[in-house]
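This report concerns only the one structure given below.
Since every read-out is calculated from the coordinates, none of them should be taken as a lab result. Values in this document were obtained by computation on a predicted structure and should not be read as measured data. All Cβ positions, glycine included, derive from the backbone under ideal geometry; neighbour counts span all protein chains shown.
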Amino acid sequence: MRRGKENTAADFYQRLNIKRSADQDTIETAYARMALKHHPDIAGDSPEVQERFAKINEAYSVLSKPHERQDYDEKLNTPEVEYQDEVISSDEGGGTEESAHDQASWNARTETQPAEKKTKASSGLMSRKKFEKTKVESRKLIAKGDFWRASALMKKAVLAYPRDIELRKLLARAAAGRGRLREAVEELKIASEVEYFNPEIHYLMGKMFLQGKQIDSAAKSFRNALSWQEDYGPALRGIEKIRALKNNDLPWWKKLLRMGK
C-alpha cells in the first residue's frame, strides 16, 4: 500500500550523498563539495538550481547540528514514515567549465590526502566537542557584556568551522557589542550565504542596519526575511518600526495630511 504524502519525508543523508553513520567532519566535507558544484553563483541562477541548492542547505542545516540531527535520526527509525530516494548527483546542474575544474581540483586534493589530514582540513584545528564548548563559553561572555573576550575566543573556532550558522550569529553579536556594526553585518552575510532561506539571519542583518541608521538597507533585509516566511513576526515588527521612523522624520504639515487620510 502506497503511503500518503503526510507519511513521506526527505532523506537528508542521501541529499549529501553520505552514509547515515557519517561523522561531523564527513558532513562538513560533503557539504563543501556539494556547494562547490551546486551554488547558484557557479551552476547558474535558475529556479531549478536554486531549489536544488536550497535542498542541500536544508539537509546540511539539520545534519550539522548535533541536537537536530539526533531528532532527525530518531524519526528515521519511525516505521510509519517512508523516506524518499533523493540523491543529488554531482553531475546535476551542469555549471561552467571553470566550476568543473574546481570540482576536479577539490577531488584531487581530498582523495590524495591521508585520512588524518582530511579531518584536519575540514575541521581546522579544533574538535567538534571543543567547538561546541567554545560556543557555550562565548554565549556566556556575550551575556555578561564581555564582547572582546568572546570575539577572541571565537577566532580559532571560525577558522575550524567557517560555515557554522550559530557561530556567525555569535560573532555578529560580539561585533555589535563592540560597536562594529559593519563587521557584524559581514558575519551575517556569510551566514546568509550558507542558509539564505533562513529568515532570522536576514532579520538580524536588518536589525544591525537599523542600529546603524541605514534605514533603506534595514528595510531590504526585513523584506528578504519576509520573502522566505511572510508571517515572520520580528521582520514584520521591523518594517513597522521603519515606517514609524520615517513618519517621525516628515515635516509637520505632511504628518497632518497623513492623519487626515
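Exposure proxy check: Ser21, Ser127 ranked by fewest other beta carbons within 10 Å?
By the 10 Å Cβ count, ascending, the order reads Ser21, Ser127.
If packing is taken as the average number of other Cβ atoms within 10 Å across a peptide's residues, how do 193-202, 66-75 rank, most packed first?
193-202, 66-75
Quick check on my link table: of Lys75/Lys155; Lys140/Lys207; Lys19/Lys169; Lys55/Lys213; Lys19/Lys189; Lys37/Lys207, which ones sit more than 24 Å apart, alpha carbon to alpha carbon? Mind dumping the intermediate values first?
Details: Lys75/Lys155 35 Å; Lys140/Lys207 22 Å; Lys19/Lys169 29 Å; Lys55/Lys213 35 Å; Lys19/Lys189 31 Å; Lys37/Lys207 32 Å.
Over 24 Å Cα-Cα: Lys75/Lys155; Lys19/Lys169; Lys55/Lys213; Lys19/Lys189; Lys37/Lys207.
Please state the shape class of the stretch 124-190: rounded when a/c is under 1.5, otherwise prolate if a/b exceeds b/c and oblate if not, all from the C-alpha gyration tensor.
Oblate shape, in that a/c is at least 1.5 and b/c is the bigger or equal ratio.
For Lys130 and Asp231, FRET efficiency with R0 = 30 Å and r from the beta-carbon atoms, rounded to 0.05?
My answer for the efficiency is 0.20.
Taking the number of other C-beta atoms within 10 Å as the exposure measure, put Trp148, Trp228 in order starting with the fewest.
Fewest-to-most Cβ neighbours within 10 Å comes out as Trp148, Trp228.
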